[in-house]
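Below: the structure, in structure tokens.
The values are calculated or read from the model by the stated rules, or taken from the named source; none is laboratory data. Here the structure is a predicted model, which is why all the values come from computation and not from measurement. In this analysis, Cβ positions are derived from the backbone assuming ideal geometry, glycine residues included, and neighbour counts consider all displayed protein chains. Side chains included, ligands, DNA and RNA excluded: accessible areas come from the protein's heavy atoms. Shrake-Rupley method; radii C 1.70, N 1.55, O 1.52, S 1.80 Å.
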Amino acid sequence: MSMRYFTILLFIGFRFAHTQVKSPDQFLGYTLGTYFSRHHQVTDYFRHLEAQASGMVKLQTYGKTNENRELLVAFISSPENISRLEQIRTNHETGKDENVAIVWLSYNVHGNESAGTEASMMTAHELLTARKEWLKNTIVIIDPCINPDGRDRYVNWYNQQMNSPYNAHVQTAEHDEPWPSGRPNHYLFDLNRDWAWLTQVESQQRIALYNRWLPHVHVDFHEQGMNEPYYFAPAAEPYHEVITKWQREFQNGVGRNNAKYFDQNGWFYFTREIFDLLYPSYGDTYPTYNGAIGMTYEQGGSGRGGLGVITDEGDTLTLRDRVLHHHMSGISTVEYSFLQKDRLIQEFNKFNTNKNYKYKTYAVGGNPEKVAILQALLDRHEILYTFGDGASIKGFDYTSGKQASMKLPESFILINTDQKKGTLVNVLFEPTTYLSDSLTYDITAWSLPYAFGLECIASETKVLGKASKQVVNNSIPASDTYAFLIRWDSMEDARVLSELLQKGVRVRYSESAFSFGDKKYAPGTLIIVRGENDQVNVDQLVKEVAQNNNITVESTTTGMVDTGKDFGSSAVKLIEQKRIAVLTGDASSSLNVGEVWHFMENELNYPVSMLNPSYLSASVLSSYDVLIVPEGWYSDLSGTLKSWVSSGGTVIAIGDALSMFNKDNGFSLEAKQDNKSDEKKEDRHEHAHIPYDKLERESVKDLITGAIFKCKVETTNPLAFGYGDTYFTLKLSGNAYNWIEDGGNVVYLDKDSKPVSGFAGCNVLPKQSESLVIGHEHMGGGMLVYMIDNPLFRGFWENGKLFFVNALFFN
Ligand SMILES: [Zn+2]
């Protein structure tokens with residue numbers, strides 16, 4: 001018998017003889033934790049479970065990643081529950097008793113914390129075999145990998161680099177992951193900072209499914225530094241003050257249950273340290289603010305772990321160990337949830353009733369395009385809102401910081417805390433967040449009205465508003481139009497400009513204000529003159545682009561203004577189609593590179609070249625008009641950049657990259673004196689090796705990790721087009737720079753500035769006084785733009801984005 005024929009027979013026999021559930025080891029052909037499974041192997045295993053587990057598993061694909069990998073969850077429960085899943089879901093949604101606990105386990109949001117996905121398979125298998133009895137009253141939703149692009153980046157790299165057998169010495173190449181690591185997604189975003197802002201496709205697609213289910217318990221499985229043991233609930237302080245007694249109680253209870261099993265196995269762990277519950281965009285806090293018990297579990301390991309690594313204490317930590325620990329905590333959590341199901345259900349329903357928060361209504365309004373962008377975010381969170389109906393509102397005014405009252409026009413939206421999502425509303429909108437402890441690993445302020453640059457009044461009395469508003473049809477100008485006019489004040493306008501430029505339309509802007517009759521137009525208004533655009537079907541194009549982006553186009557029948565400069569004046573400038581590049585590579589902050597990259601491709605929809613600094617020659621630079629220098633720690637590029645800028649180039653430098661543009665190197669930027677260095681806490685996993693109780697409380701005095709400051713804006717400067725005279729910035733570090741003497745101070749802090757929300761350490765607060773936020777200097781025919789506070793931070797500071805666009809095009 002030929003070998004091939006024999007194999008086929010064996011295969012057929014195997015198929016008929018074993019129509020039951022295989023363990024991951026049987027299915028994959030290796031013991032879990034002795035090899036890294038790639039994403040397609042994992043999804044194949046879950047497909048196997050769905051096919052073979054007698055109606056106990058239902059898979060749901062909920063989307064695709066940027067690199068086209070499948071995003072999916074597995075619902076695991078008794079056949080009876082799985083057969084009526086939708087009915088259970090709607091009963092849960094409407095508060096009808098189902099006697100079923102819903103537990104959602106999310107794995108591997110950080111791609112190189114790679115034990116999670118492996119453990120998800122082991123946990124699913126055990127639930128379907130040894131733990132069947134729990135499933136009568138429990139639905140377990142397993143997301144085996146939130147971030148498959150990042151995870152496969154890590155796994156493919158490791159499989160290529162590893163020694164065979166693996167080498168446990170930490171200095172070998174297989175433990176030294178290259179930039180940008182597998183942690184972030186395709187666009188280098190940290191998906192565990194994105195649950196509330198939903199800038200990334202993974203988050204957007206997941207949240208739609210998450211909101212349909214709103215589980216009782218959610219666990220986000222991570223890994224921390226390889227020398228740490230295991231961390232599970234209860235979480236560290238600070239807890240946000242909205243977190244209920246029950247949510248704290250369950251954290252304690254499940255922690256005790258986990259500890260019992262870890263004790264039995266003689267495993268190390270810690271609780272109540274490092275991982276706090278405040279910033280709302282994590283996989284533990286977001287579920288918590290939506291009524292679940294949201295928790296982070298952290299195994300030691302991460303990118304340096306590989307298949308096995310010798311720790312600083314001389315132990316060998318293997319992937320197998322890491323998998324077993326994550327498996328055990330998962331099983332223990334499902335068990336404890338099963339045992340607590342009555343309380344979980346009861347308390348979840350209680351969570352959804354009115355909490356009587358101090359502020360009952362947030363009335364938010366201003367630029368209609370910005371309001372529309374905010375509405376889209378609220379819709380994704382299933383937060384309800386109404387519209388102004390002319391009634392009065394009185395309360396805290398975000399812009400002035402004082403009490404104010406107004407009559408609410410239709411353009412205002414009203415968001416009440418008396419709704420199912422009321423707690424989330426409270427957390428996202430409250431003007432200041434109460435900090436029980438200033439030691440937190442993340443930003444301490446995020447209030448959405450400031451982030452969106454919108455007016456807001458927070459009222460202690462509920463204001464109802466009306467259910468809908470009149471739809472305004474954007475009228476399209478008549479045929480005797482001389483020029484189309486687009487007011488420049490939101491990202492929607494920026495997208496319109498981007499698209500028109502790429503379609504070959506000649507677009508101008510006025511440097512000064514102008515008017516026709518009683519219609520006044522601010523500087524920066526886009527002007528599209530029909531007469532110079534007869535090479536394209538400009539009427540049709542403008543109409544289409546405006547409708548797609550939901551903006552209003554106005555028109556004029558003459559280029560002769562009543563006040564200001566006529567359209568043929570040299571003050572009305574042509575906007576060039578800029579050729580834009582961004583520095584990338586291991587000297588750059590991968591997060592900031594990703595923010596720029598994602599912004600250009602997904603928000604502005606404008607092409608960008610990613611350049612490695614080693615290619616940065618004069619001839620390469622001559623192909624570009626604008627170079628973005630993201631946050632980073634570069635070897636000195638100032639010589640190359642100076643001559644390129646002098647010949648007409650524009651540099652936009654952000655955050656830490658600014659240190660290169662100092663006076664010693666021939667630039668105008670001057671750091672304010674402070675000898676103490678401040679440290680960023682962007683990556684709390686990397687910092688997890690510092691025991692929390694040893695962190696000197698003193699060091700907090702040197703930090704601003706994310707606080708909101710009120711700034712002044714020099715509105716006549718082209719870089720400030722579209723803004724009023726006030727701007728709220730999210731300050732991300734204690735670094736401060738003097739106002740520029742021979743250049744433009746576009747956005748700046750005045751004397752004695754203090755945060756309107758969030759924490760600022762007392763050692764670095766004084767030097768924020770009279771400091772620069774955004775400025776520029778000219779050099780020869782070119783310009784350098786300095787952005788001290790990264791306006792693209794995590795993609796959520798909506799009101800900072802137009803500054804970035806201004807710097808790209810208005811120079
Ligand atoms: Zn993590």
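In region 19-115, inverting the average of 1/r over every pair of distinct C-alpha atoms gives 15.4 Å as the Kirkwood radius. For the chain, the relative contact order comes to 10 percent (Cα pairs under 8 Å, sequence separation of at least 6). In region 695-811, the alpha-carbon atoms span a convex hull of 109 Å³ per residue. Going out from 0 in 5 Å bins, what whole percent of all Cα-Cα distances in region 65-200 drops into each bin? Calculated P(r), rounded to whole percents: 2, 9, 15, 16, 14, 13, 13, 8, 4, 3, 1, 0. Per residue, the solvent-accessible area of the chain (1.4 Å probe, heavy atoms of protein chains only, all protein chains present) comes to 38 Å². Taken over the C-alpha atoms, the chain has Rg and Dmax values of 28.1, 96 angstrom. Residue ranges 723-729, 373-379 sort as 723-729, 373-379 when ordered by packing (mean number of other C-beta atoms within 10 Å per residue, highest first).
For residue 260, the lysines whose Cα falls under 26 Å of its own Cα, not counting residues fewer than eight places away in the same chain, are 132, 136, 245, 341.
Among beta bridges from DSSP that stay inside region 88-225, the antiparallel ones total about 0%.
Within straight-line reach of residue 355, meaning a Cα separation under 15 Å, sit the following aspartates and glutamates at least 8 residues removed in sequence or on another chain: 241, 347, 418, 430, 460. Mean silhouette area of region 552-618, derived from the convex hull of its C-alpha atoms and averaged over all directions, reads 7.8 nm².
With all pairs of separate Cα atoms included, region 95-165 yields a Kirkwood hydrodynamic radius of 14.0 Å.
Antiparallel beta bridges, as assigned by DSSP with both residues in the chain, represent about 65 percent of the total such bridges. Between residue 566 and 561, the built amide H atoms are under 5 Å apart, and every one of these is 5 or more places off in sequence or on another chain. Diagonalising the gyration tensor over the Cα atoms of region 228-307 and scaling each eigenvalue by 5 before taking the square root yields semi-axes of 23, 16, 9 Å, largest first. Sorting the segments 732-745, 579-592, 322-335 by their residues' average number of neighbouring beta-carbon atoms within 10 angstrom, most packed first, yields 322-335, 579-592, 732-745.
Here the Debye sum runs over all C-alpha atoms of region 373-425 as equal scatterers in vacuum, and log10 of I(q)/I(0) at q = 0.17 Å⁻¹ comes out as -0.63. Taking amide hydrogens as placed 1.01 Å from N in the peptide plane, the amide H of residue 746 sits under 5 Å from those of 774, 775, 776, each at least 5 positions away in sequence or on another chain. Loop-resident GluC sites (Glu not before Pro) (DSSP state other than H, G, I, E or B) in region 394-471 with no more than 13 further Cβ atoms inside 10 Å of their Cβ: 460.
Within the accessible surface of the chain, defined with a 1.4 Å probe on protein heavy atoms only, the carbon and sulfur portion equals 49 percent. Gyration tensor over the Cα atoms of region 204-269: the corresponding equivalent ellipsoid has semi-axes (square roots of 5 times the eigenvalues, largest first) of 25, 17, 13 Å.
Couplings 3J(HN,Hα) for region 373-385, derived from phi with the Karplus relation 6.51 cos²θ - 1.76 cosθ + 1.60 (θ = phi - 60°), are 5, 5, 4, 4, 5, 4, 4, 4, 8, 6, 8, 8, 8 Hz, where x marks Gly and Pro. Of all aspartates and glutamates in the structure, those lying under 13 Å Cα to Cα from residue 573, and not within fewer than 8 positions of it along the same chain, are 511. Summed over qualifying helices (DSSP H, 4 residues or more, each -39500 (n - 2.57)) and divided by its residue number, the chain shows a 222 nm mean residue ellipticity of -8500 deg cm²/dmol. Remark: region 42-154 carries a charge dipole of roughly 160 debye about the Cα centre, counting +1 on each Lys and Arg Cβ and -1 on each Asp and Glu Cβ.
Distance between the C-alpha centres of region 618-637 and region 355-433: 42 Å, rounded to the whole angstrom. Note on the chain: dipole from Cβ charges, positive end direction compared against 406, 762, 621; the farthest Cα belongs to 406. Amide H contacts under 5 Å for residue 578: none, restricted to partners 5 or more places along the chain or on a different chain, H placed in the peptide plane at 1.01 Å from N.
Protection proxy ranking of 528-540, 101-113, 652-664, by the mean of other Cβ atoms within 10 Å over each peptide's residues and highest first, is 101-113, 652-664, 528-540.
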